[in-house]
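Undergrad: If you scroll down you'll find the structure; I have some questions about it.
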Amino acid sequence: MYGSCAAATPFQSHAWLHAWWRSYGRPGRLRLVLVRSGGDLVAAAPLMRAGGPLPALVPLGGAISDYGDVLLDDTCGEAAVAALTDALAREARGALIELREVRPGGAAERVWERWSGPRRRLDDSLCLELPPLPMAGLVDRLPSAKARQRVRAKLRRLEALGVERRAVAPREVERAVDRLLDLHRLQWRGRGVTPEHLRPRFRDHLVRAAEPMVRSGDAVLTEFRLDGQVVAVDLTLLSPRLAGGYLYGAHPGLRELRADVAVMLLDACAGLLDGQEALSLLRGDEPYKRHWRPRPVMNRRLLLARRSTAPLLAAAVARAAARDRARTVVERGRTVVERGRAVVERGRVVIERGRAVVRRRRSVVERRRERDGGGRP
């Protein structure tokens, strides 16, 4: 089914979802909606009953998956869409259908368009995407000659250091994932690491998902070695439509060697492209991603209900709006704090400059006193 749906991302592969369910699923909550034609599977919606005050069916994959979607066989046309939509409408008698993190062009959008009951489409997470170019092409897209020269110098620095990379074989996946997570923990020590990345269930999920995905070509685990030692490990996920670096770990010592980890990882990821339409930097709007002039792509949150469950939809929309307002308030607060820090920093600079002026004047006074034999200057 995954191979028959061109819109699918790696997060809809059986290996990813099965591994996720074993780590995060709860007995009794699975809702797997399947559509068959003549015995052949033509559509699937892997869902689960969500906890919380609002009864809802949500995609498997949870917060650790950057994209959510349903699966539709591309060869079956609108018949498969209609059948899956009808099946989901039956499920929506007692719960809201809430499809999170749907990438524009995803299969779930075809279900949303066909839905006859109450529905809403909201913005979800922002993803950043680059064109599917080799590293040289990505460098050429940079806005200035100085920026391009700087990245080329960083690539030469990595080559001069002798950083080597190799793809991990399926039988080595468990050891490589453990090393990745160890390095990830080390690089974020003393900073705001995502707590879930340090939990045993996340480690178990990655091991179970990565091994079959590496074997099938849906993922590549890359080790970076320096002087025979593994200094970084990267997990890149692949599908026919896009490639994306999912998680990495890098030794902090690379910074001391002036090795740019972001450039190193992007160079490796770009080298894995094979006909994809996009190189995704996945969710998040971090400044280092913006450096590469990516295209912003907003994931969608598709809410589907029947007339009997329309109040659930209204409640979900209101809750989402409240969260957006709260997020806006937090962001404004952060902006105020950052501006305050900038003012304090400028004040410190002024004070230091004043102290330097005082020290210079004292030095001049002392030299004059010595010259005049201790007399009044």
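Undergrad: Tell me, please, whether a residue that is modelled with pLDDT of 95 or more, under 19 Å from the mean Cα position of the chain (by Cα) and not acidic (Asp, Glu) can be found in segment 76-97.
TA: No, segment 76-97 has no match at all.
Undergrad: So for segment 224-234 (the condition being over 23 Å from Leu257 (Cβ atoms), in contact (Cβ under 8 Å) with a residue 60 or more places away in the chain and surrounded by fewer than 19 Cβ atoms within 10 Å (Cβ to Cβ)), does at least one residue qualify?
TA: no
Undergrad: Can you name the number of the only condition in (1) in a loop (DSSP other than H, G, I, E, B); (2) open to solvent by 60 Å² or more (accessible area, probe 1.4 Å) that Trp292 fails?
TA: (2)
Undergrad: In segment 204-232, how many are in a strand (DSSP E or B) and within 15 Å of Tyr246 (Cβ to Cβ)? It would help to see each step written out before you state the result.
TA: The initial filter retains those residues of segment 204-232 that are in a strand (DSSP E or B), namely 219-226, 229-232.
Retained after the next criterion (residues that are within 15 Å of Tyr246 (Cβ to Cβ)): 219-222, 232.
Selection size over segment 204-232: 5.
Undergrad: Still on this structure, I have one more. So which of Pro131, Pro118 ends up being surrounded by 17 or more Cβ atoms within 10 Å (Cβ to Cβ) and either in contact (Cβ under 8 Å) with a residue 24 or more places away in the chain or farther than 29 Å from Arg323 by Cβ (or both)?
TA: Pro118
Undergrad: Among the residues of segment 71-100, how many are open to solvent by 20 Å² or more (accessible area, probe 1.4 Å) and in a strand (DSSP E or B)?
TA: 1
Undergrad: Residues of segment 169-203 being outside any loop (DSSP other than H, G, I, E, B), open to solvent by 80 Å² or more (accessible area, probe 1.4 Å) and farther than 23 Å from Gly62 by Cα, which ones?
TA: Once the filter is applied, which keeps residues that are outside any loop (DSSP other than H, G, I, E, B), open to solvent by 80 Å² or more (accessible area, probe 1.4 Å) and farther than 23 Å from Gly62 by Cα, segment 169-203 yields Arg171, Arg175, Arg179.
Undergrad: Let me ask something else. What about Ala136, is it free of Cβ contacts under 8 Å to residues at least 24 places away in the same chain, farther than 29 Å from Arg241 by Cα, in a helix (DSSP H, G or I) and of a type in the set (A, V, I, L, M)?
TA: Spelling it out, it is not the case that Ala136 is free of Cβ contacts under 8 Å to residues at least 24 places away in the same chain, farther than 29 Å from Arg241 by Cα, in a helix (DSSP H, G or I) and of a type in the set (A, V, I, L, M).
The values are calculated or read from the model by the stated rules, or taken from the named source; none is laboratory data. Computed from a predicted structure; not experimentally measured. Here Cβ is always computed from backbone atoms with ideal geometry, including for glycine, and neighbour counts include all displayed protein chains. Protein only, heavy atoms only, side chains kept; ligands, DNA and RNA dropped before computing areas. Shrake-Rupley method; radii C 1.70, N 1.55, O 1.52, S 1.80 Å.
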